[in-house]
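The values are calculated or read from the model by the stated rules, or taken from the named source; none is laboratory data. These numbers come from a predicted model, not from an experiment. Please note: Cβ atoms are built from the backbone with ideal geometry, for glycine as well, and neighbour counts cover all protein chains shown.
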Amino acid sequence: MADTGNKKQKLVHTSGAPIYMETSSAPTNIATIKYWGKADAKWNTPINDSVSVTLNQDDLKAVTTVAASTAFENDRLWLNGEEEEGAADNKRFRACVDGVRALATEKKDDDGKVLVTKEDWSKMKIHVSSYNTFPTAAGLASSAAGYAALVAALALLFGAKEEFPGQLTSIARQGSGSACRSLSGGFVAWRKGGKKEDWSDSLAEQVADENHWPEIRAVIMVVSDAKKDTSSTAGMSTSVETSLLLKHRADTVVSQRMEAIEKAFLAKDFETFGQLTMADSNQFHATCLDTYPPIFYMNDVSKSIIRIIHVYNKWAGKIQAAYTFDAGPNAVIFTLEEHAVEVGALMLHYYPEFGDKYVNNPDFEKKIKDFKLDKDLLEATDKTGREPKSGEVKMMYYTSSGPGPQRLTDTILNLDPTTGLNTYKK
Ligand code: DP6
């Protein structure tokens, strides 16, 4: 993990007991080959490999402060400033805290004096405060960023030492599957594993870092949706039980796609990368439709975006933009820097501004507003039947690929240094 320098500070609880504290941020990620379906619910392992692009934390991230002290009475968790009652008993939370604590090492001061032994850590209770810099309800993989930030902060706090490479990702996976891919930057694969009985080989591995293909961009359309979605966990379980297409996908399709997309990413071949990304998103949503009863994550707005992107690529004569949709109606459109303004302008044309701060990045907003879209392109995209209409997309994000978790200098960011209580306010 990148270390931006840790301010030296001794924190002491009002009772006199020391408080140990660390803060880490972590990115969200968007899969281009999707994880859908669990092989083993207890270990939270997948039926197929998956791979994702880590997004830039300048635009979207989770920031998590963790503290340990003998002065704390219970494990406690605050999310976006609100305490989650009973969260400390939650299976996913426990797997992360106990999993990282099992890898703890002793903590020494500058003179080499032992402050906390490995055993001492288990006598302390843990406080956690985490917030997202993007709306949790926007459905932008907030659990991936959240659990990755939790594991990264705990690893710092306990001085965790992995017994094998990727062990921390196997712990984050038990928080939320997709979280294991948020512990690295760039392009990250989750190998399904399964050769080991305890599934310790189900872990994430970086395919290429964020500097390998720096021109990759994502335009995210946060599509309004009043309905409550089927959660990923519940949806996956019904799909595994009922969808023959999902079985076929996991048995034969994904392994070929994984190989091809990793090769394409390494070769910076956007055509292949984009084609596979769109095909895999479509197949994932087809498995949802093949689930009985069916699950619908995309809505008509999502589908209109798909149509426009295909017409855009046809007009360009090559794949310049590639959509992908997770378990919700939001579109993530991958493109390259050279086409990002055009793609953004096209989206803004059909899904015009709605409310304040519609676009997260003011510079990009100005560029897409000023951009003159080609007449022939608009004539072709108009034929999809979409007419410019605001209100159906809540927000647009423009972002790039970025690094994995970062240690933050301000270790007392979300928790009070003398009480260990939450200080973060929304
Ligand atoms: C459609 O990682 O949220 O985004 O392991 O049950 O927490 P749990 O599921 P989660 O599922 C993500 C599904 C997806 C595809 C993906 O990210 O690969």
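Summary table below
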{"quantity": "Count of the range 213-239 residues which are among the aliphatic types (A, V, I, L, M) and within 12 Å of the ligand (Cβ to nearest atom)", "calculated": "2"}
{"quantity": "Residue check for Ala87: at pLDDT below 95, closer than 16 Å to Gly175 by Cα and either hydrophobic (A, V, I, L, M, F, W, C) or in contact with a Cys (Cβ under 9 Å, 6 or more places away or on another chain) (or both)", "calculated": "yes"}
{"quantity": "Count of the range 298-335 residues which are under 21 Å from the mean Cα position of the chain (by Cα) and either surrounded by fewer than 18 Cβ atoms within 10 Å (Cβ to Cβ) or under 17 Å from Leu373 (Cα atoms) (or both)", "calculated": "2"}
{"quantity": "The listed residue being crowded, with 23+ Cβ neighbours inside 10 Å, assigned by TED's automatic domain parsing to the domain that holds Ser232 and assigned to a helix (DSSP H, G or I), out of Thr252, Thr277", "calculated": "Thr277"}
{"quantity": "Breaking point among (1) at pLDDT 95 or above; (2) within 16 Å of the ligand (Cβ to nearest atom); (3) assigned to a helix (DSSP H, G or I), for Ala152", "calculated": "(2)"}
{"quantity": "Verdict on Glu106 being touching a Ser or Thr at 6+ places or on another chain (Cβ under 6 Å), surrounded by fewer than 17 Cβ atoms within 10 Å (Cβ to Cβ) and touching a residue at least 40 places away in the same chain (Cβ under 8 Å)", "calculated": "yes"}
{"quantity": "Given (1) more than 20 Å from Ile368 (Cβ to Cβ); (2) part of a helix (DSSP H, G or I); (3) touching a residue at least 12 places away in the same chain (Cβ under 8 Å); (4) out of contact with any helix residue (DSSP H, G or I) (no Cβ under 9 Å at 6 or more places or on another chain), index of the condition Glu259 fails", "calculated": "(3)"}
{"quantity": "Residue, surrounded by the most Cβ atoms within 10 Å (Cβ to Cβ), within the range 369-391, restricted to residues that are of a type in the set (Asp, Glu) and under 21 Å from Phe354 (Cα atoms)", "calculated": "Asp382"}
{"quantity": "Failed item, numbered, when Lys61 is tested on (1) away from the ligand (no atom under 14 Å from the Cβ); (2) under 30 Å from Val219 (Cβ atoms); (3) surrounded by fewer than 24 Cβ atoms within 10 Å (Cβ to Cβ)", "calculated": "(3)"}
{"quantity": "Answer from Trp190, Trp199 - the residue that is more than 25 Å from Val223 (Cβ to Cβ), within 16 Å of the ligand (Cβ to nearest atom), more than 18 Å from the chain's Cα centre (by Cα) and in contact (Cβ under 8 Å) with a residue 60 or more places away in the chain", "calculated": "Trp199"}
{"quantity": "From the options Glu106, Glu82, residue that is in contact with a strand residue (DSSP E or B) (Cβ under 8 Å, 6 or more places away or on another chain), among the acidic types (Asp, Glu) and away from the ligand (no atom under 16 Å from the Cβ)", "calculated": "Glu106"}
{"quantity": "Count of residues meeting criterion [charged (D, E, K, R) and either modelled with pLDDT under 95 or within 16 Å of the ligand (Cβ to nearest atom) (or both)] in the range 160-187", "calculated": "2"}
{"quantity": "Candidates Asp410, Asp356, Asp363 - the one that is within 27 Å of the chain's Cα centre (by Cα), closer than 30 Å to Leu156 by Cβ and among the acidic types (Asp, Glu)", "calculated": "Asp410"}
